[in-house]
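The values are calculated or read from the model by the stated rules, or taken from the named source; none is laboratory data. Predicted model, so just to flag it, every value in this text is computed and none were measured. Every residue, glycine among them, receives a Cβ derived from its backbone with ideal geometry; neighbour counts consider all protein chains shown. In case anyone asks, the SASA skips ligands and DNA or RNA and just uses the protein heavy atoms, side chains included. Shrake-Rupley method; radii C 1.70, N 1.55, O 1.52, S 1.80 Å.
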Amino acid sequence: MNVFDSIKAIAAERGMTIKSLAEKAGTGENSIYRWKRTNPSTKSLDKVAKVLNVSTAELISDNSDEDIELQTIQRKAKELSVEDKRRLLQLIELVFEKNK
């Protein structure tokens, strides 16, 4: 997965289009689309990462689909309240303990 694909996937998770992301980040929409073929500047990538509330490393990592799914789970878990994180952990333990 390239930088653009990572950005597009995370933006979609956040209910954002590339256009709205570009506006919030103060960068051109076409610039983001160009990242399909070229590498973004550090400054532009930092702006996009900030709007998406992720690290730039998450945007530039070239991970397998499995790693991307794990990163998605981690991002969503970070947004939970402390109590909801505890409930999620209990649920995971309950569900996956049965499969052992």
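Some points to look at:
- Sorting 36-46, 6-16, 87-97 by average packing, meaning the other beta carbons within 10 Å per residue, from highest down gives 6-16, 36-46, 87-97.
- Normalised per residue, the accessible area of the chain is 70 Å², obtained with a 1.4 Å probe and no contribution from ligands, DNA or RNA.
- Across the chain, Cα pairs under 8 Å and at least six residues apart give a relative contact order of 30 percent.
- Largest GNM mean-square fluctuation among K50, K76, K85, using the chain with Cα springs under 10 Å: K85.
- For the chain, a Gaussian network of Cα nodes joined below 10 Å ranks S20, S81, S61 by mean-square fluctuation, and the top entry is S81.
- Rounded percent of accessible protein surface that carbon and sulfur make up, the chain, 1.4 Å probe: 51 percent
- Identified option (computed mean projected area of the Cα convex hull in nm²; candidates (1) 9.0; (2) 10.7; (3) 7.2): (3)
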